[in-house]
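The next block holds one structure in the form of structure tokens; read it before the comments.
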Amino acid sequence: MSISSFIRRRFNPASFLRREGGSATIEVVLWVPFFVVTLMASGQLALVFFGQAMTLDAAQDATRAYAIGTLTSEAEVRSRIQSDLSAISSNVAVVSVLSGDLITTVVTVPASDFGGPLRFITQFSSLNVQVVAQQFAEI
């Protein structure tokens, strides 16, 4: 077998099209970006839900402190929640109202502040995470 016949047989276009070697590589190249995007979007969504849980925890803690008398005014509740969430966001809006015996605290934070370093899902830039904590005053 000469080199020229080997080259003709090996690099024959019809033979090349019939071979299936490397087809798994093409499938991986087509599917990997989809899985990477899905993984990144899931991670960012998880960060938003984690931020919501942290916001709710801060709101419940401050509302409870106000209910038992540790905090004495709505301004102290607002200050406490903003300081608890200062590592996450500087755009924390807090409204705390004492109506009769019921204390209601509403905390609003832009969802984009919970997005992490990638900020992959840009639709979160216009959404807000809002949590409500209520507690009966015990004093």
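At a glance:
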{"quantity": "Nearest-0.05 FRET efficiency for Arg64 and Val29, computed from C-beta distance (R0 41 Å)", "calculated": "0.15"}
{"quantity": "Computed over region 12-136: relative contact order in percent, which uses C-alpha pairs under 8 Å that are six or more apart", "calculated": "26 percent"}
{"quantity": "In Hz, Karplus ³J(HN,Hα) per residue of region 24-38 (6.51, -1.76, 1.60; θ = phi - 60°; x = Gly, Pro)", "calculated": "5, 5, 5, 5, 5, 4, 6, 8, 4, x, 4, 5, 5, 5, 5"}
{"quantity": "Residues Thr122 and Glu74, FRET efficiency given R0 of 35 Å [Cβ-Cβ distance, rounded to 0.05]", "calculated": "0.50"}
{"quantity": "Protection-proxy order for peptides 78-88, 61-71, each taking the mean of Cβ atoms within 10 Å per residue, highest first", "calculated": "61-71, 78-88"}
{"quantity": "Full-extension gain in nm, Ser99 to Leu56, via 0.36 nm per residue minus C-alpha separation", "calculated": "13.5 nm"}
{"quantity": "Förster radius 35 Å - calculated FRET efficiency between Phe136 and Thr38 (Cβ-Cβ, nearest 0.05)", "calculated": "0.20"}
{"quantity": "Spacing of the two label points (7 Å from each Cα toward its C-beta) at Phe6 and Phe49, in nm", "calculated": "5.9 nm"}
{"quantity": "Protection proxy ranking, peptides 130-138, 52-60, average beta carbon neighbours within 10 Å, highest first", "calculated": "52-60, 130-138"}
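Laboratory data are not the source of any read-out in this text; all were calculated from the coordinates shown. Keep in mind that this is a model prediction, so the values were computed, not measured. Here the Cβ is made from the backbone with ideal geometry for all residues, glycine too, and neighbour counts use every protein chain on show.
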